[in-house]
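Structure record follows, encoded as structure tokens.
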Amino acid sequence: MNAVHHQPPVIDLRSDTVTRPTQAMREAMMSAEVGDDVFGDDPTVRRLQERIAGDLGFEAALFMPSGTQSNLCALMAHCGRGDEYIVGQMAHTYRWEGGGAAVLGSIQPQPLPQGPDGRLEWRDIEAAIKPDDAHFARSRLLCLENTWGGQVLDAGYVADVTARSHARGLATHLDGARLFNAAVASRCSVRELTRGFDSVSVCFSKGLGAPVGSALCGSRSFIERAHRWRKMSGGGLRQAGILAAAALHALDHHVQRLATDHDHASRLAAGLMGLAGVSVQAPQTNIVFLDLSPEVLARHPQGVAAALADHGLLCTGSARLRLVTHLDIQPPQVEQALHILRAVLS
Ligand SMILES: *Cc1c(COP(=O)(O)O)cnc(C)c1O
């Protein structure tokens, strides 16, 4: 193994986290100016934090090792022990982060059902807000997610529900792991999508193609509180400028190109329309879902994902397959993926 940047041996559509840093990104990382960020000395980390705070329209930002830690520190900075946050039943912070808010933060989640577009209805949110009474946890925060299942959360909905939440004394947090996909797909600035939120977490390690890293944005005092939780949870990094340089490179070079990933997802979806027993959810960004009929599933007792993997295509899910396009997928691989999917599913 001497190739620094080799093609993956298979077509990997499991997630947009599987990308390898490009040569240009590696060069940016190699030449990054660094210092000990725990002392606040790393100029590249500081540059990234100022850049992302400005881009998203916040006073301050904090570089984070992962989206999970970023969301956890946000929840802990908003909520104390015995407080509660209101969140979607299928939301990442609630369902896919090991229950960290409850386990590590002593924060009670109040999960609510979500519509197919990721919305929590205001009437459900309002009904979940607890009275100020010793029987109840203190309702403190609403947490939303954009994109949700690859779909862009409706801007009118966000404006309405965040304003109503503030009026009821709730703070608002956005898990914007794929916020840049949402902005590119809806042809607006990320700033427009963060309006109404007191804090936002974004990932550099998803579609933006950096190897590591997320950022949490908010007011200066909020970020100071989150900083303490980041330290306590072991997220204080030393010469982190090596990683921040990758994120800065991604912000400069990998945002507008997300449209290519979205085109590839649309091409995948279009190429599978009309296949018997396969229902395709038309993608808005880089994630395609395929719902498979019992007949299709019955033909693959070992699982459809395993059958696809035998043909060199990796994806996740079983009755509902998820295919995610990204920086390391080129048009020939989209066509090859379609070829494999048609052969295995029909
Ligand atoms: C990936 C993801 C996260 C967490 O990011 P990690 O860096 O994997 O911890 C949070 N929220 C959403 C919606 C994500 O897709």
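Nothing charged except the Cβ atoms of Lys and Arg (+1) and of Asp and Glu (-1): what's the magnitude of the dipole of region 196-238 about its Cα centre? Round to the nearest 20 debye.
200 debye
Could you state the per residue volume, in Å³, of the convex hull enclosing the Cα atoms of the chain?
147 Å³
Which of the listed residues, ALA269, PHE136, GLN49, is farthest toward the dipole's positive end in the chain, when Lys, Arg count +1 and Asp, Glu count -1 at the beta-carbon?
PHE136
For a protection proxy built on the mean count of beta-carbon atoms within 10 angstrom, sort 122-128, 37-43 highest first, please.
The densest-packed peptide leads the list: 37-43, 122-128.
Report, in deg cm²/dmol and to the nearest 500, the calculated mean residue ellipticity at 222 nm for the chain, where each DSSP H run with n ≥ 4 adds -39500 (n - 2.57) and the sum is divided by the residue count.
Here the helix-only value at 222 nm equals -12000 deg cm²/dmol.
Can you find, among GLN108, VAL278, GLY67, the residue sitting farthest towards the positive end of the charge dipole of the chain, where Lys and Arg contribute +1 and Asp and Glu -1 at Cβ?
So the residue we want is GLN108.
What whole-number distance in Å separates the alpha-carbon centres of region 23-73 and region 310-331?
30 Å
Assigning unit charges at the beta carbon (Lys, Arg +1; Asp, Glu -1) and nothing else, what dipole magnitude in debye, to the nearest 20, does the chain show about its Cα centre?
Computed charge dipole of the chain: roughly 200 debye.
Note down the nm distance, to one decimal, between modelled labels 7 Å out along Cα→Cβ at GLN302 and at GLN23.
Distance between label points: 3.8 nm.
For a quick protection proxy, order the peptides 235-247, 54-66 by their average other-Cβ count within 10 Å, most packed first.
So the peptides 235-247, 54-66, ranked by packing, come out 235-247, 54-66.
What does the highest-first list of 195-205, 299-309 look like by mean Cβ count within 10 Å?
195-205, 299-309
Values quoted throughout were computed directly from the atomic coordinates according to the rules given, and no laboratory measurement underlies them. Keep in mind that this is a model prediction, so the values were computed, not measured. Positions of Cβ are backbone-derived with ideal geometry, glycine not excepted, and every protein chain shown enters the neighbour counts.
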